[in-house]
1. Within region 293-312, is even one residue surrounded by fewer than 20 Cβ atoms within 10 Å (Cβ to Cβ), among the β-branched types (Val, Ile, Thr) and not in a loop (DSSP other than H, G, I, E, B)?
2. Check every one of the strands (runs of 3 or more DSSP E) wholly within region 331-393 and list those with 3 or more residues that are of a type outside the set (Lys, Arg).
3. Just a yes or no: is a residue in region 97-118 open to solvent by less than 20 Å² (accessible area, probe 1.4 Å), touching a residue at least 24 places away in the same chain (Cβ under 8 Å), of a type in the set (Phe, Trp, Tyr) and within 27 Å of Arg357 (Cβ to Cβ)?
4. Does Gly322 count as of a type outside the set (A, V, I, L, M), part of a loop (DSSP other than H, G, I, E, B), open to solvent by 10 Å² or more (accessible area, probe 1.4 Å) and closer than 17 Å to Arg25 by Cβ?
5. Find the residue count for region 213-252, including only residues that are surrounded by fewer than 16 Cβ atoms within 10 Å (Cβ to Cβ) and under 30 Å from Gly122 (Cα atoms).
6. Among the numbered criteria (1) more than 30 Å from Leu311 (Cβ to Cβ); (2) open to solvent by 50 Å² or more (accessible area, probe 1.4 Å), which one does Asn164 miss?
Amino acid sequence: MERQGADGRAGVSTVWRVRSLETARQVLRARHATTQAGFTAEAIPRGRLKHHPILVSDGPLHDEQRSKVARFFAPVVVAERYTAQMEECADRLLGRTGPGGRLTLDELALHYTVEVTAEVVGLTESSVPRMSRRLVSFFRQPPFDITRRDLGRTPRQWMLAAWNGLLPVGRFFLADVRPAIRERRRERREDVISHLIDEGYTDVDILVECVTYGTAGMVTTREFVTMAAWHLLRDDVLRERYLVAGEQERFAILTEIIRLEPVVGHLYRRAQEPIDVTDGEDSWTIEAGDLVDVCVRPANADPRATGEDGLDLCPGRTLPRGVNAAGLTFGDGAHKCPGQPLAILEADVLLTRLLGRAPRVVREPEVGWDDLIEGYTLRGLVLELPADDPGSR
């Protein structure tokens with residue numbers, strides 16, 4: 001637990017950096033004592049929307065929103081409703097690369113995760129490759145400092161952020177969201193957009209939610225799929241174990257990879273009232289107005305929770321009671337991401353098919369960083385399929 005003072009600068013928060021899993025869970029479970037501060041939540045104007053977005057809402061409103069969409073992401077529902085579609089999509093995309101051919105995995109993973117998540121959300125009335133490009137373009141944002149109320153941006157940077165954000169969002173609405181809304185108004189389906197229409201959401205409200213699901217369900221899962229493949233391709237023993245394992249063991253391997261490699265590296269909360277937290281025998285009080293930065297990667301490897309080998313990849317490791325096998329990768333408390341079952345199944349369906357074709361790494365990916373999601377990016381992982389491709393038989 002580390003406290004950084006506001007150092008007298010106007011609009012700069014006192015920040016607590018939390019790297020202990022125990023303390024992080026206390027903060028994230030301080031129900032109704034904190035509000036969402038990540039993903040530029042505090043810069044989103046309130047009162048402009050009839051329904052505040054689920055990602056940045058808090059309190060009873062957020063609880064109600066979460067309970068109503070939970071049915072779309074329940075493990076049994078995900079497995080029964082979407083497995084066949086995932087398998088068809090993975091086979092089709094991988095089938096475009098023949099024996100001896102090459103593919104760029106992060107590009108294939110983007111189209112795959114967009115298509116799968118679009119089915120869950122209801123964004124099925126437009127081209128997946130074009131929707132993928134529109135979603136990616138939204139992330140071309142200038143850097144910002146989450147500790148500052150103005151995000152530390154100059155007026156020019158705010159103009160650039162508006163241009164780079166609003167233009168792609170407008171295109172996303174016209175080409176992807178609006179056609180889906182019109183189709184669901186004619187005939188409801190078992191998807192998120194149909195649910196939002198029934199809840200009285202306006203078109204703009206639905207657009208904001210679709211951007212949220214596009215970020216969480218499509219773009220971040222792309223990074224996880226690429227990272228998991230990279231791990232498995234570099235570790236012959238682990239890859240062979242994965243390929244012969246049953247589904248639950250494969251899920252455990254993927255969950256352990258994402259514990260070590262969380263896509264979203266920081267979770268931010270703003271204290272709305274004093275919060276008393278502990279870490280072993282130490283204790284602190286986070287004051288109202290302070291910003292809390294939960295550092296996910298070190299918390300996930302906290303030796304008091306994971307053991308001294310917390311930085312090793314050990315599927316099925318023993319963790320304290322109540323601790324998710326993925327650590328805090330999918331969050332905890334009120335804002336815990338409901339998409340863990342979907343992300344793990346998505347990755348497994350694609351990777352079992354890909355690795356079954358015995359690909360070879362031709363080019364390692366370039367690792368980057370995205371300020372908006374506070375997470376890594378992987379670009380340019382090129383794989384080559386063998387000329388005698390076992391998966392093509």
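1. Checking region 293-312: not a single residue is surrounded by fewer than 20 Cβ atoms within 10 Å (Cβ to Cβ), among the β-branched types (Val, Ile, Thr) and not in a loop (DSSP other than H, G, I, E, B).
2. Numbers: elements: 360-363, 366-370, 375-379, 382-384.
Answer list for region 331-393: 366-370, 375-379, 382-384.
3. Yes, because at least one residue in region 97-118 is open to solvent by less than 20 Å² (accessible area, probe 1.4 Å), touching a residue at least 24 places away in the same chain (Cβ under 8 Å), of a type in the set (Phe, Trp, Tyr) and within 27 Å of Arg357 (Cβ to Cβ).
4. On the way: of a type outside the set (A, V, I, L, M): yes; part of a loop (DSSP other than H, G, I, E, B): yes; open to solvent by 10 Å² or more (accessible area, probe 1.4 Å): yes; closer than 17 Å to Arg25 by Cβ: yes.
When the stated conditions are applied, Gly322 passes them.
5. Selection size over region 213-252: 2.
6. In the conditions (1) more than 30 Å from Leu311 (Cβ to Cβ); (2) open to solvent by 50 Å² or more (accessible area, probe 1.4 Å), Asn164 misses (2) alone.
Rundown of residues vs (1) under 24 Å from the mean Cα position of the chain (by Cα); (2) part of a loop (DSSP other than H, G, I, E, B); (3) modelled with pLDDT of 95 or more, yes/no style:
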position	(1), (2), (3)
Glu240	no, no, yes
Ala252	yes, no, yes
Thr255	yes, no, yes
Arg259	yes, no, yes
Arg269	yes, no, no
Val277	no, no, yes
Gly289	no, yes, no
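Residue-wise test of (1) among the basic types (Lys, Arg); (2) under 27 Å from Val15 (Cα atoms); (3) surrounded by 14 or more Cβ atoms within 10 Å (Cβ to Cβ); (4) in contact with a Lys or Arg (Cβ under 9 Å, 6 or more places away or on another chain).
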site: Ala334; (1), (2), (3), (4): no, yes, yes, yes
site: Val349; (1), (2), (3), (4): no, no, yes, no
site: Thr352; (1), (2), (3), (4): no, no, yes, yes
site: Arg360; (1), (2), (3), (4): yes, no, no, no
site: Glu374; (1), (2), (3), (4): no, yes, yes, no
site: Leu378; (1), (2), (3), (4): no, no, yes, yes
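The values are calculated or read from the model by the stated rules, or taken from the named source; none is laboratory data. Every value quoted in this text rests on a predicted model; they were computed, and no experiment measured them. FYI the Cβ positions are ideal-geometry reconstructions off the backbone, even for glycines, and counts take in every protein chain you see. Protein only, heavy atoms only, side chains kept; ligands, DNA and RNA dropped before computing areas. Shrake-Rupley method; radii C 1.70, N 1.55, O 1.52, S 1.80 Å.
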